[in-house]
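What follows is one structure encoded as structure tokens, with my remarks underneath.
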Amino acid sequence: MRNLLLEKLLILVIGFVWPACSFGQAQSPAFDPLLDPKCKVLDPEKIEMWSSSYMWYPGQLSAHMQKQHKQKSAERCTYVGYPGRFNKDVYRSFFRKKVKLQRETFVEWAGPESIVCSVNGQSLDGNIREYVLKPGTYTLVFDVSSADSLPCLLVKGDGISKLKGWQVSLDGKTWNDPETDGRYNKPSVRPDMEQEIVTRILPDHYICLRNVSERNGKLELGKNARLVVDFRHLEVGNVRLNVTGTGSLSFYVGESPEEVLNNNLKDFEQRPIPSFSLTGGKQEIVLPEQALRYLRIESEQPCSITSVCLDAKVWPVEFQMQFECSDPKVNDLWNAGVATLHTSLHNFYLDGVKRDYLPWSMDAIVSSLAGDYLFGDQQVSRNGLSISLMPPNPVTSDLGIIDYPLHALIGFKQNYMRYGDIRTSLLFKDRIIQMLALYDSIQDENGFISDQYATSGFIPGWATKMGPGGQGIPAYGQIMLYQNYMIGAYFARLWKENSLAGKYEKKAEVLRQNIMKHFWDVDQKAFINGYTKKGEKDTRISHHAQYWAILADLYPQEYYDYLFDEVILKIPYYKEYVSYEKGYEFLAYIKAGRIKDMFSLLDMVWGDWLRQGNTRFPENFSPNAPLKQQLVFYSRPFGLSLCHGANGVPPVVAVLHGILGFSQSDKNLMEYRLKPELLDLEWAKGRIPLKEGYINVHINKAGTSYIEIPENCIVSLDLKRHDRPLMFKKAGRYEFIYE
């Protein structure tokens, strides 16, 4: 009986949420609640705002937010493990600034519970939060401490509140520039408090399984009634409903129909929701915060239910990058990718919002490769950069997953190119140098690193049936280290640290030679997996080392076609198991010019997932496995996160760098290039955010196309019909013929 009900539910779900559509006629429902006209953003309270913004010691906001996520995860999620050590949260910081005032100035400040201001060495009463300074020269020092929150400071005052000139210290001796973000300008809402907005999501439809009737949004439940509510949007929040009746109501939530219908409480990834006793009169029930798409309600006695809604906690974003094309399937891939990244955005780009609600290094960095263009939230990206780095003054015992910190510098370069702000790398300069120094200390005679010091070894992703293993010396890890030294040298040049740049370049060259010597297989024209824990050579070929080598310019370009036409096609399980590193791999596809192959894989895997009725992308795809097995992860029936930001990245980078063909020079950041590839599309249009503004482009296969560019940049347009790219050096709108 249970299986029949499940089949009925699946048919109903697919029929309701994935209707057939064609472009120009019926449009697919919105994937993101902020873009869904059926959802409503609840009006926030009006809060006082200052013209200045909070400051804190670099990396401390991310440390405190990570602590909060760990606490929330422990409260809500059932199975959580978190290897490695991270930047420690501290509870005291010092802020100082020297000012010269021409007139009497009123100064106010805000922050946590304890703030002691000193003016030219004289401490003021710790209870005051305002002061009048007469004309003159002053050194202001604020000693800020808190019992359990971020030590931060917000100052308002003419000539004082501007960020320039402020310094911050953890000990009052060693000073750094402070980290800040313009959104944190409300004295009553400190940066480590919740910043989400509440979006009310109404049920998409009800599935009445037993003894339930529904009319105009009112549910009449009989004795032992049972129904499922499908909100369509998978988000984190609180379900609310009004109930009149007696007996008790039981609630179960899930990301999938199978999960929400499950009766074994041990199988759930979130803690059970207690039953609610009904009083006989009308009452509002608010369920504990959970991540869900589906809600199951069961009644003991007859009752009436109205006003069912999910008040979702949604990170406020501006949808900076935009895209639309002639194929509704591609539009759906794009929109679902955007929604997947947005659902995962809460202070960081998180891992599974249901399963653990935690930030992880690889997830945070690969997500920013798309999120920086979609939302342009630099602070969220900085938070991810900080937790991806090793803690200050790291030692080998701090290594958890040994390759995860190697993602950090990839993210720093992405951040610098996207926002053009060298300051971010300078805020974390010491930690970047210290992290590379730690890797220096564990290299062997070839410059390689192994899992010897790591508690969790290497984790390239989950699609590793052909290796590499998590132990030993995997080739891809050495390629990542090589890439880190090259990026380290890149930043050292920008910092005017030429000696340091030379050191990194020399180490990179030694690594390059030994990577090619030990891991490149001349006969297979591919990089082998590497060496096992026992020192044995693992000559199998998997995809990990190949895409990292393309991204690091180590894979010989003359063999690109052979790699995609021969090597990859022969890798067992390549299309059967698709993990969360595909955002990186798709960048390698694009760099190698294999855009058609990339979209074929995207449609086969990501498209299949949408055709099954899902609205977010999961952490791991097993498209050829039975439906039940597609949900299994960590050997748990519903362990797979069905909303995982990293797998929202591939559709976005496929559009940005594939269809629109966008790239940027890392030598002159004001130079951009578009090499559009429409494939089978009739037209495509997009808006690409730059640090200078936006590129707007509308490409037609037939007829006239156009591009608009902002001031202060150079854009080249590379078209197949032209021998040389078209160059645009002035802001304006330009017409062209695609083919």
(request) Find the residue count for region 428-443, including only residues that are open to solvent by 10 Å² or more (accessible area, probe 1.4 Å), closer than 17 Å to GLN60 by Cβ and of a type outside the set (D, E, K, R). (result) 1
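I need a count of the residues in region 455-467 that are closer than 17 Å to HIS407 by Cβ, open to solvent by less than 20 Å² (accessible area, probe 1.4 Å) and not in a strand (DSSP E or B). Lay out the reasoning, then the answer.
Taking region 455-467 as the starting set, the residues that turn out to be closer than 17 Å to HIS407 by Cβ are 456-462.
Within this subset, residues satisfying the condition of being open to solvent by less than 20 Å² (accessible area, probe 1.4 Å) are 457-458, 460-461.
If we keep only those that are not in a strand (DSSP E or B) as well, we get 458, 460-461.
Residues meeting the conditions: 3.
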(message) I'd like the residue in region 579-615 that is more than 16 Å from ALA654 (Cα to Cα) and crowded, with 21+ Cβ neighbours inside 10 Å and, out of all such residues, is nearest to the chain's Cα centre (by Cα).
(response) THR615
(request) Looking only at region 576-593, count how many residues are in contact (Cβ under 8 Å) with a residue 40 or more places away in the chain and outside any helix (DSSP H, G or I). (result) 7
(request) Scan region 514-533 for residues that are open to solvent by less than 50 Å² (accessible area, probe 1.4 Å) and without any contact (Cβ under 8 Å) to a residue 12 or more places away in the chain and jot them down. (result) TRP520
(message) Looking at ALA74 and the list (1) without any contact (Cβ under 8 Å) to a residue 12 or more places away in the chain; (2) open to solvent by less than 40 Å² (accessible area, probe 1.4 Å); (3) among the hydrophobic types (A, V, I, L, M, F, W, C), which single condition is not satisfied?
(response) (2)
(request) May I ask you to list pairs of residues, at least six apart or on different chains, whose Cβ atoms are under 6 Å apart, with the first in region 406-431 being on the phi < 0 side of the Ramachandran plot and the second being assigned to a helix (DSSP H, G or I) and open to solvent by 20 Å² or more (accessible area, probe 1.4 Å)? (result) TYR419/GLN378; ILE422/LEU494
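Does ASP561 satisfy being open to solvent by less than 80 Å² (accessible area, probe 1.4 Å) and either within 21 Å of GLN513 (Cβ to Cβ) or outside any loop (DSSP other than H, G, I, E, B) (or both)? Lay out the reasoning, then the answer.
Details: open to solvent by less than 80 Å² (accessible area, probe 1.4 Å): no; either within 21 Å of GLN513 (Cβ to Cβ) or outside any loop (DSSP other than H, G, I, E, B) (or both): yes.
No; evaluated as a whole, the condition is false for this residue.
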(request) Considering only region 28-38, state which residues are open to solvent by less than 100 Å² (accessible area, probe 1.4 Å) and touching an Asp or Glu at 6+ places or on another chain (Cβ under 9 Å). (result) SER28, PRO29, ALA30, PHE31, PRO33
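Taking into account only those residues within region 183-227 that are of a type in the set (Gly, Ala, Ser) and touching a residue at least 60 places away in the same chain (Cβ under 8 Å), which is surrounded by the most Cβ atoms within 10 Å (Cβ to Cβ)? Let's see the steps before the verdict.
Quick first cut of region 183-227, residues of a type in the set (Gly, Ala, Ser) only: 188, 213, 217, 222, 225.
Now narrow it down to the ones that are touching a residue at least 60 places away in the same chain (Cβ under 8 Å): 188, 217, 222, 225.
Details: SER188: 11, GLY217: 12, GLY222: 14, ALA225: 23.
This residue is ALA225.
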(message) Of everything in region 271-292, what is acidic (Asp, Glu) and either closer than 23 Å to SER344 by Cα or surrounded by 15 or more Cβ atoms within 10 Å (Cβ to Cβ) (or both)? Give them in sequence order.
(response) GLU289
(message) Between a residue in region 159-182 that is part of a loop (DSSP other than H, G, I, E, B) and crowded, with 16+ Cβ neighbours inside 10 Å and any residue that is of a type in the set (Lys, Arg) and modelled with pLDDT of 95 or more, which pairs come within a Cβ distance under 6 Å, given they are 6 or more apart or on different chains?
(response) TRP166/LYS97
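I'm trying to understand the selection: among the residues of region 484-499, which are of a type outside the set (Phe, Trp, Tyr), open to solvent by 30 Å² or more (accessible area, probe 1.4 Å) and either more than 30 Å from ASP421 (Cα to Cα) or part of a helix (DSSP H, G or I) (or both)? Talk me through it step by step, then tell me what you get.
Just the residues of region 484-499 that are of a type outside the set (Phe, Trp, Tyr), to begin with: 484, 486-489, 492-494, 496-499.
Next, only the ones that are open to solvent by 30 Å² or more (accessible area, probe 1.4 Å) stay: 486, 493-494, 496-499.
Once the filter is applied, which keeps residues that are of a type outside the set (Phe, Trp, Tyr), open to solvent by 30 Å² or more (accessible area, probe 1.4 Å) and either more than 30 Å from ASP421 (Cα to Cα) or part of a helix (DSSP H, G or I) (or both), region 484-499 yields MET486, ARG493, LEU494, ASN498, SER499.
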(message) Can you find, within region 66-124, the residue that is nearest to ASP356 (Cα to Cα) among those that are modelled with pLDDT under 95 and aromatic (Phe, Trp, Tyr)?
(response) TYR79
(message) Between a residue in region 717-739 that is under 25 Å from LEU681 (Cβ atoms) and any residue that is open to solvent by less than 30 Å² (accessible area, probe 1.4 Å) and of a type in the set (Phe, Trp, Tyr), which pairs come within a Cβ distance under 8 Å, given they are 6 or more apart or on different chains?
(response) LEU717/PHE728; LEU717/PHE736; LEU719/PHE736; LEU719/TYR738; ARG721/TYR738; LEU726/PHE736; TYR734/PHE728
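Of the residues VAL198, VAL144, only one is of a type in the set (A, V, I, L, M, F, W, C) and either over 30 Å from LEU221 (Cα atoms) or more than 27 Å from the chain's Cα centre (by Cα) (or both); which? Quick ask: steps written out before the conclusion?
On the way: VAL198 fails: either over 30 Å from LEU221 (Cα atoms) or more than 27 Å from the chain's Cα centre (by Cα) (or both).
Unique residue meeting the criteria: VAL144.
Considering only region 376-411, state which residues are in a loop (DSSP other than H, G, I, E, B) and either of a type in the set (Asp, Glu) or surrounded by fewer than 24 Cβ atoms within 10 Å (Cβ to Cβ) (or both).
Within region 376-411, the first condition is being in a loop (DSSP other than H, G, I, E, B), and the residues that meet it are 376-377, 389-395, 399-400, 402-403.
If the condition is that a residue be in a loop (DSSP other than H, G, I, E, B) and either of a type in the set (Asp, Glu) or surrounded by fewer than 24 Cβ atoms within 10 Å (Cβ to Cβ) (or both), then GLY376, ASP377, PRO391, PRO392, ASN393, PRO394, VAL395, GLY400, ASP403 are the ones that fit.
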(message) Any residue at all in region 114-122 that's farther than 29 Å from SER386 by Cβ, part of a loop (DSSP other than H, G, I, E, B) and without any contact (Cβ under 8 Å) to a residue 24 or more places away in the chain?
(response) yes
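Which residue is most open to solvent (accessible area, probe 1.4 Å), if the candidates are limited to region 468-483 and must be in a helix (DSSP H, G or I) and of a type outside the set (Phe, Trp, Tyr)?
We begin by selecting, within region 468-483, every residue in a helix (DSSP H, G or I); these are 475-483.
Checking the rest, the ones that are also of a type outside the set (Phe, Trp, Tyr) come to 475, 477-481, 483.
Numbers: ALA475: 0, GLY477: 0, GLN478: 0, ILE479: 0, MET480: 1, LEU481: 0, GLN483: 28 Å².
In this case the residue turns out to be GLN483.
This table checks each residue for (1) modelled with pLDDT of 95 or more; (2) more than 31 Å from the chain's Cα centre (by Cα); (3) assigned to a strand (DSSP E or B).
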| site | (1), (2), (3) |
| --- | --- |
| LEU681 | yes, no, no |
| ILE695 | yes, no, yes |
| ARG724 | no, yes, no |
| TYR734 | yes, yes, yes |
(message) Can you list residue pairs whose Cβ atoms sit under 8 Å apart, with the first residue in region 335-348 being at positive phi and polar (S, T, N, Q) and the second being surrounded by 24 or more Cβ atoms within 10 Å (Cβ to Cβ) and outside any helix (DSSP H, G or I)? Count only pairs 6 or more apart in sequence or on different chains.
(response) ASN347/PRO359
(message) Checking ILE47 against (1) of a type in the set (A, V, I, L, M); (2) open to solvent by 50 Å² or more (accessible area, probe 1.4 Å); (3) assigned to a helix (DSSP H, G or I): exactly one of these is not met. Which one?
(response) (3)
(request) Scan region 135-145 and give yes if some residue there is in contact (Cβ under 8 Å) with a residue 12 or more places away in the chain and touching a Gly at 6+ places or on another chain (Cβ under 6 Å), otherwise no. (result) yes
(request) Answer with yes or no whether TYR490 is in contact with a helix residue (DSSP H, G or I) (Cβ under 6 Å, 6 or more places away or on another chain) and aromatic (Phe, Trp, Tyr). (result) no
(request) Kindly list the number of the only condition in (1) of a type in the set (D, E, K, R); (2) outside any strand (DSSP E or B); (3) open to solvent by 30 Å² or more (accessible area, probe 1.4 Å); (4) in contact with a strand residue (DSSP E or B) (Cβ under 8 Å, 6 or more places away or on another chain) that fails for GLU259. (result) (3)
(request) Determine which member of the set GLY686, GLY648 is within 23 Å of SER367 (Cα to Cα), in contact (Cβ under 8 Å) with a residue 24 or more places away in the chain and in a strand (DSSP E or B). (result) GLY686
(message) Based on this model, can you work out whether ASP351 counts as at pLDDT below 95, under 18 Å from the mean Cα position of the chain (by Cα), surrounded by 21 or more Cβ atoms within 10 Å (Cβ to Cβ) and of a type outside the set (Phe, Trp, Tyr)?
(response) yes
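The values are calculated or read from the model by the stated rules, or taken from the named source; none is laboratory data. The structure presented is a predicted model; accordingly, all values stated were derived computationally and were not measured. Note: ideal-geometry Cβ built from the backbone for every residue, glycine included; neighbour counts use all protein chains shown. Ligands, DNA and RNA are excluded from the accessible area calculation, which covers all protein heavy atoms including side chains. Shrake-Rupley method; radii C 1.70, N 1.55, O 1.52, S 1.80 Å.
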